[in-house]
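Here's the structure, in structure tokens; my notes come after.
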Amino acid sequence: MTDRSKMGRLLALVPGKQQFGIYRFLPFFFVLGGAMEWFMINIRIGKETFYDVYRRRQSERRYERQLEEELMKQAQVAGR
């Protein structure tokens, strides 16, 4: 039996093909997305969660942008 036919049989086991068509898989993906979000918020890898890293990097980018703006202002003032 090929992998494709095995996959087809597995997908055929999911109910609701007549009523919902391809959208019958939507609840699975909704739950999967919720589980992934929960994992990103609550599970620590090392000392940080995903959002800790995101906030830190966002803060670093904002700081670098402010430094660049200040350097550009100083260069404009010095160029006058």
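The values are calculated or read from the model by the stated rules, or taken from the named source; none is laboratory data. Keep in mind that what you see is a predicted model, and the values were worked out from it rather than measured. Positions of Cβ are backbone-derived with ideal geometry, glycine not excepted, and every protein chain shown enters the neighbour counts.
General remarks:
- You will find that of E64, E70, E60, the residue that is of a type in the set (D, E) and modelled with pLDDT under 95 is E70 and no other.
- Criterion violated by M40 - all others in (1) exposed (fewer than 11 other Cβ atoms within 10 Å of the Cβ); (2) part of a helix (DSSP H, G or I) satisfied: (1)
- Only residues that are over 17 Å from the mean Cα position of the chain (by Cα) and farther than 22 Å from L11 by Cα were counted across the stretch 22-65, and they come to 9.
- Any hit, the stretch 44-55, residues being part of a helix (DSSP H, G or I) and loosely packed, with under 10 Cβ neighbours inside 10 Å: no
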